[in-house]
Amino acid sequence: MPTERQKKLLKKIIEAFVKSAEPLSSGFLVDKIEEKISPATVRNELVALENEGFIFQPHTSAGRVPTEKAYQFYIENYLDKERELGKKELAALEEIKKQEVDDKIKVKNFAKAIANFAKQGVMVTFTECDNYYTGLANIFSQPEFFDKELVVNLSSVIEHLDKRLQDLGKKNFDEPEILIGHENPLGCDCTLIVFKYQLGKFKGIIGLLGPTRMDYQKNYALVKESVKLLK
């Protein structure tokens, strides 16, 4: 279990990496920590976090990046599930709710808005073999997917999305569920934020799919608020 100082350091690492997608050096982190500690102490704490499996160095001379375990820790300790969505995003979703269009089109419009604000992919199930996908190009534009192997792996997952989404639809979600890495049935290199919705005769799941490096606070709120407005 990390110490309080290590927890704060890990939080800084995750939040900075989500924004930059660049490995973080100890020198960079010294400037980001409110507590005044020496660079040597920061390096020692980084070694401790690495030994516990929270961060790793992609290359010997590189800085550190968070692991799947780190993101899980962040969600369990720092994600505020009650935080409201930003005013701009909320206003846009509320406008979609007011639209006088077919319910199926309205659900698709919500999906498009989520994908646009999150800059991730979004999937919606309606009935068996009737699913909708939008924003998948957003996923491939992320820096993580400059790696050809990851692109091939995700492309293979996308080919079988219909079956995997239907399996997910059989689960009960009392609130949006965050499935990271190996917990994610759509691919271990990604995160899925999923929740059930119902609008009129249409019901199914909405899933936001992206790399593990994502803005969990914003994306969780996007999915949660969208499903709330879809009732």
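Laboratory data are not the source of any read-out in this text; all were calculated from the coordinates shown. This one's a predicted model, so the numbers in the text were calculated from it and none came from an experiment. Virtual Cβ from ideal backbone geometry, glycine too; neighbours counted across all protein chains shown.
Worth a mention:
- Share of Cα-Cα pairs in the stretch 4-78 lying beyond 14 Å, as whole percent: 55
- Separation of the residue 38 and residue 228 label points, Cα + 7 Å toward Cβ, nm: 4.9
- Here's how it looks for residue 212: its modeled amide H is under 5 Å from those of 191, which are all 5 or more places away or on a different chain.
- Modelled spin-label separation between residue 101 and residue 25, with each label point placed 7 Å from Cα along the Cα-to-Cβ direction: 4.8 nm.
- Unit Cα scatterers, Debye sum, the stretch 84-169: log10 I(q)/I(0) for q = 0.15, 0.17, 0.23 Å⁻¹: -0.67, -0.82, -1.14
- Entry note: the chain has Rg to Rh equal to 1.01, where both radii use alpha-carbon atoms and Rh is the Kirkwood radius.
- Cα gyration tensor category, rounded, prolate or oblate, for the stretch 119-231 with a/c compared to 1.5: prolate
- Computed over the stretch 4-78: relative contact order in percent, which uses C-alpha pairs under 8 Å that are six or more apart: 34
- Applying 1/(1 + (r/R0)^6) with r as the Cβ-Cβ distance of residue 11 and residue 148 and R0 = 30 angstrom yields a FRET efficiency of 0.40.
- Normalised by the number of residues in the chain, the average gap of Cα pairs under 8 Å and 6 or more apart makes the relative contact order 18 percent.
- Extended-chain gain in nm, criterion 0.36 nm per residue less alpha-carbon gap, residue 203 and residue 112: 31.0 nm
- For residue 37, no residue has an amide H sitting under 5 Å from its own, ignoring neighbours fewer than 5 places away on the same chain, with H placed 1.01 Å from N.
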